[in-house]
Amino acid sequence: MSFNLTYRKVTKIFGEHGRNPVKALDEVSFTINPGELFCLLGPSGCGKTTLLRCTAGLERITSGQILYGDRDMSIIPPFRRNIGMVFQSFALYPHMNIFENVAYGLRVRKLPEEEVKRRVTEVMELVGLTDELKRNPSPSALSGGQQQRVAIARALVYDPDILLLDEPLANLDAKLRRYMRAEIRRIQKATQITAIFVTHDQEEAMAIGDRLAVMRKGIVEQIGTSDEIYHRPDNAFVANFIGKMNFFHARLKTAVSAAPAAQAAFPSAPDTIEALVELEDGSQQLRISADRLHLPPSSTAGTRVLVGMRPEHLVVETARKPGSIPGQVNIIQHLGQVVRYEIKVNPRLSPQMLEIDMPGLVHGVKEGDPVFLTIKEHSASLYLPGEEHAE
């Protein structure tokens, strides 16, 4: 029977009593559901691997609790936690054949030989390596993807309560990574084991996870499904880290207030808000709807803000329209399903090079040409400035 895995104010400080202590985890609190494939995502140094190692017992937490059901795992030694772990380096024993690699954990537990053979056969079938098991070579005779599946089989063979995967696809080529992330999801759903997958690859996390936790500097910035985090990021950092977000400098034209239309429809919902902003260069005004507004409700007129839009929310055109933004094409990239235009605009309006995804080539537009950008209606989101950099 599976239980919730709960983190309660988990803090980890390296060098706690030294001159330069480092707080790797800062009161991290959330719950992973039984049978869930949960991804920890963030830039290097954000604390995701530290949290994974604390879960495994390879690092001792400074304070807080890690609960499996109602059992406090943080006081249980690592070898009694019944956790399977898959490492980035695969960590297979080169002097053993693949049967002995997978069977190693069972032999340590002193299971009968017939039980060892049965379990290894079953788990190798699960990971799709039945033919390789018949040949039974050393791991060095297998491809990278096959070695990764042997590592997963070794972690699953003794029926752990939780499976931890620490950037397991980092050493594979791009095509094999796409194949293996689908395989990992298939295996996890077949076993229904609770799994935590650590990665810094946004696409990988969105493709494989039931839910994601985006971390930065030891803090969980947001938890949600891929769709929730991509379309409704809580702040500018998450917006810019998950996918690509174009930012424009702007100022509030009016204080954040209850939307009149919403007030009429829902008089008991005073927290329904919207905002009117003007882009920094005065080219146009935008009304931001309540579900795309990420500002304190007390924000006043004149407050500097960031307007954020995904690459698909902008359109590249050759003719000026009312409210369009002039720019110059820097780079055109053909990415298969879309053509990505890298556009330079007035740095006062946006300090970054903008990226716009179009369904095809815009006729007559070449690198270096002047163009005009229009914003799709109801696509913009509003954020506080200063947190847009995905460091």
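Among DSSP beta bridges whose residues both lie in the chain, state the antiparallel percentage, nearest 5.
Numbers: 56 of 76 bridges.
Roughly 75 percent of the DSSP beta bridges within the chain come out antiparallel.
Please give the FRET efficiency for T121 paired with N20, using the beta carbon to beta carbon distance and R0 = 51 Å, rounded to the nearest 0.05. Write out the running numbers ahead of the final one.
On the way: r = 52 Å, r/R0 = 1.01.
The pair T121/N20 has a calculated efficiency of 0.50.
Going Cα to Cα from K134, which lysines come in below 25 Å? Please leave out same-chain ones fewer than 8 positions away.
Partners found: K110, K117.
Net charge near A213: determine it from the other residues with C-beta under 10 Å of the C-beta of A213, scoring Lys and Arg +1 and Asp and Glu -1. List each step's numbers first, then the result.
Working: positive: K48, R211; negative: E221.
Within the 10 Å Cβ shell, the charges total +1.
Ordered by packing density, taken as the mean number of other Cβ atoms within 10 Å over each peptide's residues, highest first, how do 230-242, 81-93 rank? Don't skip to the answer; put the middle values down first.
Working: 230-242: 21.6, 81-93: 17.5.
So the order, starting with the most tightly packed, is 230-242, 81-93.
Would you work out which of S89, S63, L40 lies farthest towards the positive end of the dipole of segment 1-146, given +1 charges on the beta-carbon of Lys and Arg and -1 on that of Asp and Glu, about the Cα centre?
Of the candidates, S63 comes out farthest on the positive side.
If you add up the charges near A141, with Lys and Arg at +1 and Asp and Glu at -1, over every other residue whose beta carbon is less than 12 angstrom from its beta carbon, what do you get? All intermediate terms of the calculation are to be shown ahead of the outcome.
On the way: positive: R135; negative: E132.
Every neighbour counted, the sum reads 0.
Based solely on its DSSP helices, what 222 nm [θ] is calculated for the chain when runs of n ≥ 4 H residues each add -39,500 (n - 2.57) and the sum is averaged over all residues, nearest 500 deg cm²/dmol? Before the final figure, lay out the partial values.
Working: 10 runs with 96 residues, N = 391.
Result for the chain, helices only: -7000 deg cm²/dmol.
What nm value, rounded to one decimal, do you get for the distance between K321 and K376 when each label is placed 7 Å out toward the C-beta?
1.3
Starting from the 7 Å offset along Cα-to-Cβ, what nm value, one decimal, do you get for the label separation of R304 and N97?
Distance between label points: 6.8 nm.
Before I look further, what does segment 141-219 give for accessible area per residue, probe 1.4 Å, in whole square angstrom?
Numbers: 2790 Å² over 79 residues.
On a per-residue basis, segment 141-219 sits at 35 Å².
If you count only protein heavy atoms and use a 1.4 Å probe, how large is the accessible surface of L349, to the nearest 10 Å²?
Per-residue accessible area (L349): approximately 0 Å².
Using a 7 Å offset from the Cα along the Cα-to-Cβ direction at both D291 and R60, what is the distance between the two label points in nm, to one decimal?
A separation of 4.9 nm, rounded to one decimal place.
Pairs of alpha-carbon atoms within less than 8 angstrom and 6+ residues apart define the contacts here; what relative contact order does segment 92-245 have, in percent? Could the numbers behind the result be given before it?
Numbers: 168 pairs, mean separation 26.6, N = 154.
For segment 92-245, the relative contact order is 17 percent.
Mind ranking S350, S44 by accessible surface for me, highest first, 1.4 Å probe? Each step should come with its number before you reach the end.
Values: S350 0, S44 110 Å².
Result of the area sort, largest leading: S44, S350.
Of the peptides 177-186, 333-342, how do they stack up when ordered by the mean number of other Cβ atoms within 10 Å, highest first? Working shown, then result.
Values: 177-186: 17.5, 333-342: 13.3.
Result, highest mean Cβ count within 10 Å first: 177-186, 333-342.
Under a 10 Å cutoff between Cα atoms, tell me which one of A174, A275, A213 has the largest fluctuation in the Gaussian network model of the chain.
A174
Please work out how much length the chain gains when fully extended from D72 to Q337, using 0.36 nm per residue of separation minus the C-alpha to C-alpha distance, in nm with one decimal.
Numbers: separation 265, 0.36 × 265 = 95.40 nm, distance 4.84 nm.
Gain on stretching D72 to Q337: 90.6 nm.
K23: which lysines have alpha carbons under 26 Å from its alpha carbon, excluding same-chain residues fewer than 8 sequence positions away?
The reachable lysines, counting only those whose Cα sits under 26 Å from K23, are K9, K12, K48, K217.
If you split all Cα-Cα distances of the chain into 20 Å bins from zero, what percentages do you get per bin, shortest first?
24, 45, 27, 4
When each pair of different Cα atoms in segment 20-109 is counted once in the 1/r mean, what is the Kirkwood radius in angstroms, to one decimal? Spell out each step's value before the answer.
Details: mean 1/r = 0.0644 Å⁻¹.
Mean inverse Cα-Cα distance, inverted, gives 15.5 Å.
Taking square-rooted eigenvalues a ≥ b ≥ c of the alpha carbon gyration tensor, is segment 132-203 rounded, prolate or oblate, where a/c under 1.5 means rounded and, failing that, a/b exceeding b/c means prolate? Present the calculation step by step, with values, prior to reporting the outcome.
Numbers: a/c = 1.92, a/b = 1.11, b/c = 1.73.
Because a/c hits 1.5 or more and a/b fails to exceed b/c, segment 132-203 counts as oblate.
Among the lysines, which fall within straight-line cross-link reach of K366, defined as a Cα-Cα distance under 22 Å, with same-chain neighbours fewer than 8 residues apart omitted?
Within the straight-line limit of under 22 Å, K366 reaches these lysines: K321, K344.
Report in % the part of the accessible area of segment 129-206 that belongs to carbon and sulfur, leaving out ligands and nucleic acids; probe 1.4 Å. Kindly include the intermediate steps, with their values, before the conclusion.
Details: 1400 of 3120 Å².
For segment 129-206, the apolar C and S fraction of the accessible surface comes to 45 percent.
Would you tally the net charge around K376, using a Cβ to Cβ cut-off of less than 14 Å, leaving K376 out, and scoring K and R as +1, D and E as -1? Walk me through the numbers on the way to the answer.
Working: positive: R287, R292, R310, K321; negative: E312, E317, D357, E377.
So the environment of K376 carries a net charge of 0.
The values are calculated or read from the model by the stated rules, or taken from the named source; none is laboratory data. Being a predicted model, the structure only gives us computed values, none of them experimental. Because the Cβ atoms are built from the backbone with ideal geometry, glycine has one as well, and the counts that use them run over all protein chains shown. Side chains are part of the model used for accessible areas, which takes the heavy atoms of the whole protein and leaves out ligands, DNA and RNA. Shrake-Rupley method; radii C 1.70, N 1.55, O 1.52, S 1.80 Å.
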